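For reference, the structure is listed below as structure tokens.
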Amino acid sequence: MSRIWLIMKREYLENVRTKAFLLGLVLTPVWMGLVFLVPALAKETSKSERVVIVDETGVLGTPLVRELEQVRTHDDMPRFLPEIIATPGAEALAELQMAAGQGDAFVLMLTPSLLDNKRAPAVGESAPALYGTSGVGAMDAGRMLETAVNLVVNAHLVAKHQVDPAVAAALLKPAVRYTGLTAKGERGGAAQAIAPFLTMMLLFMGIVGISQMLISSTLEEKASRVYEVLLSSVSPFQLMAGKVLGICAVGFTLLALWSGGGLVAASMQGLSGLVTGSQVGLFLAYYVLGFLLIASLMVSVGSACNTLKEAQNLMAPISLLLAMPMMFALVVMRDPNGTFATALSFVPPFTPFLMMARISSVPGPPAWQIPASLLLLAISTYLALRMAARVFRVGILMYGQPPRLKEIWRWMRTP
């Protein structure tokens with residue numbers, strides 16, 4: 001045990017004393033902040049969009065132009081440049097739609113059916129429409145145009161039917177507004193909504209990102225024949241265990257510092273109930289078991305290969321497998337206790353990420369599923385480490401041609 005401790009200590013100190021560790025410690029929270037900050041800044045566009053209005057009603061076009069001219073960008077530039085044109089023929093309309101599809105303009109069709117209480121168009125009658133590019137950037141502008149058209153049409157119908165303006169304003173006003181609360185009743189709907197995603201991201205970086213260090217360090221030491229010297233004093237299992245636990249401690253240090261900073265920031269914003277003590281404990285438990293499970297794959301790949309290129313080829317399918325929890329993140333967060341989310345969270349490579357996402361959601365998973373998932377993960381980790389030890393025992397002393405998958409499978413079955 002003392003030899004495992006010495007190897008673990010050496011592996012830990014060798015990594016935390018590097019500049020890369022300090023950069024990762026500082027830059028990762030900055031990067032995560034930019035993930036949420038940049039999209040918010042991107043919404044503040046200063047681009048003025050051309051809007052072509054085909055007004056077949058003869059009464060809606062002018063008030064709509066006045067409404068759109070009031071919309072400004074953050075630097076007080078006009079958000080839209082509206083223009084009213086005569087009803088185009090079929091060929092001209094096709095050209096306008098092509099321009100809209102290419103992002104050159106928005107094309108807005110105002111038809112008489114809007115004046116008749118927004119009824120559905122009759123057979124052969126043109127329908128109201130708003131055309132624009134399918135790009136993501138046009139969606140915000142499209143929603144703003146929809147709102148403006150709705151306001152203008154509603155104002156016309158209110159005047160037409162002589163509805164009391166106060167009554168019309170009351171009808172347009174929402175009766176109630178949804179307010180998201182944390183588990184302790186604090187206002188923090190947005191923070192609570194992104195908590196599962198942040199938890200998954202932290203675990204993914206701490207487990208997958210940090211465990212990949214085992215591949216490069218194993219390859220380097222194998223190429224320099226350091227293992228041949230070390231194996232004269234320690235067993236292959238002690239060597240592997242020390243390396244895995246040392247890198248695990250590196251990730252644990254990073255996660256502890258990142259999580260601690262996040263909890264302090266949440267408390268300063270009055271969101272102390274966003275994360276409970278039991279959730280922090282479960283987070284650490286899933287991290288340790290998940291790291292040991294994934295690290296067993298990484299150290300097996302590093303010991304079985306001779307070059308980084310060989311390791312990358314062998315890691316390709318494993319990387320795809322490890323990325324799958326992030327692909328399913330949105331599905332799990334929408335229905336954390338659904339059949340699909342529950343089944344996926346009991347797949348061992350996915351368990352740490354998806355179970356913590358479910359635990360961070362409201363409502364959380366049934367109480368029995370947490371110990372059941374931890375037990376399944378612990379058994380899977382134990383079996384994976386046993387297989388990894390067998391591969392490591394043979395692989396670190398194998399040089400030359402890279403082993404085939406069939407040969408690696410034979411190593412894992414050999415006691």
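Only the coordinates and a few stated rules stand behind these numbers; no lab work does. Model, not experiment: these values are computed from the prediction. Glycine gets a Cβ as well: all are built from the backbone with ideal geometry, and neighbour counts include every protein chain shown.
Computed from phi, the 3J(HN,Hα) profile of region 400-408 under the Karplus parametrisation 6.51, -1.76, 1.60 (θ = phi - 60°) reads x, 5, x, x, 7, 4, 5, 6, 4 Hz, with x in place of Gly and Pro. Looking at the chain alone, DSSP beta bridges between its own residues are antiparallel in about 30 percent of cases.
Annotation for A175 and E407: the two label points, set 7 Å from Cα along the Cα-Cβ direction, are 7.3 nm apart. In terms of distances greater than 31 angstrom between alpha carbons, the cross-link table entries K47/K160; K19/K406; K309/K406 yield K47/K160; K19/K406. In the chain, the longest principal axis of the Cα atoms and the axis of helix 90-101 are about 40 degrees apart. Here's how it looks for L81: its modeled amide H is under 5 Å from those of E49, R50, V51, which are all 5 or more places away or on a different chain. Can you give the % of DSSP beta bridges in region 48-172 that are antiparallel, to the nearest 5? Among the beta bridges of region 48-172, antiparallel pairing accounts for roughly 25 percent.
If you filter region 78-171 for trypsin sites (Lys or Arg not before Pro), then keep DSSP loop positions with at most 16 other Cβ within 10 Å, what is left?
Passing sites in region 78-171 are K118, R119.
Within region 48-172, the proportion of Cα pairs with more than 26 Å between them is 23 percent. Please list, by residue number, every one of the chymotrypsin sites (Phe, Trp or Tyr not before Pro) in region 312-415 that is coil in DSSP and has at most 16 other beta-carbon atoms within 10 Å. Answer by residue number: F346, W368, Y399. Karplus-based coupling profile of region 109-124, in residue order and whole Hz: 9, 10, 10, x, 4, 5, 6, 9, 6, 6, 5, 5, x, 6, 4, x, with θ = phi - 60° in 6.51 cos²θ - 1.76 cosθ + 1.60 and x standing for Gly or Pro. Relative to the longest principal axis of the Cα atoms of the chain, the long axis of helix 236-268 lies at roughly 30 degrees. Selection among S345, L397, N306 by position relative to the dipole of region 299-415 gives L397 as farthest towards the positive end (Cβ unit charges, Cα centre). Considering only L25, L376, L93, the Gaussian network model of the chain with Cα springs below 10 Å gives its largest mean-square fluctuation to L93. Net length available on complete extension from T57 to E14 is 8.0 nm, with 0.36 nm assigned per residue and the Cα-Cα distance removed.
Largest GNM mean-square fluctuation among N337, N306, N154, using the chain with Cα springs under 10 Å: N154. The charge dipole of region 48-172, taken about the Cα centre with unit charges on the Cβ atoms of Lys, Arg (+1) and Asp, Glu (-1), comes to about 320 debye, rounded to the nearest 20.
Extending 7 Å from the Cα toward the beta-carbon at both A343 and A316 defines two label points whose distance is 2.9 nm.
If you line up the long axis of helix 308-327 against the longest principal axis of the chain, both from Cα atoms, how many degrees apart are they, to the nearest 10? Here the helix axis deviates by roughly 50 degrees.
Shown here for region 316-415: trypsin sites (Lys or Arg not before Pro) in loop regions (DSSP other than H, G, I, E, B) with at most 14 other Cβ atoms within 10 Å, namely R404.
Apply the Debye scattering formula to the chain, with a single equal point scatterer on each alpha-carbon and no solvent, then give log10 I(q)/I(0) at q = 0.12 Å⁻¹. After summing over all Cα pairs, the log10 values are -1.00.
Site pair L257 and V71 shows an inter-label distance of 4.6 nm when each label is modelled 7 Å from Cα along Cα→Cβ.
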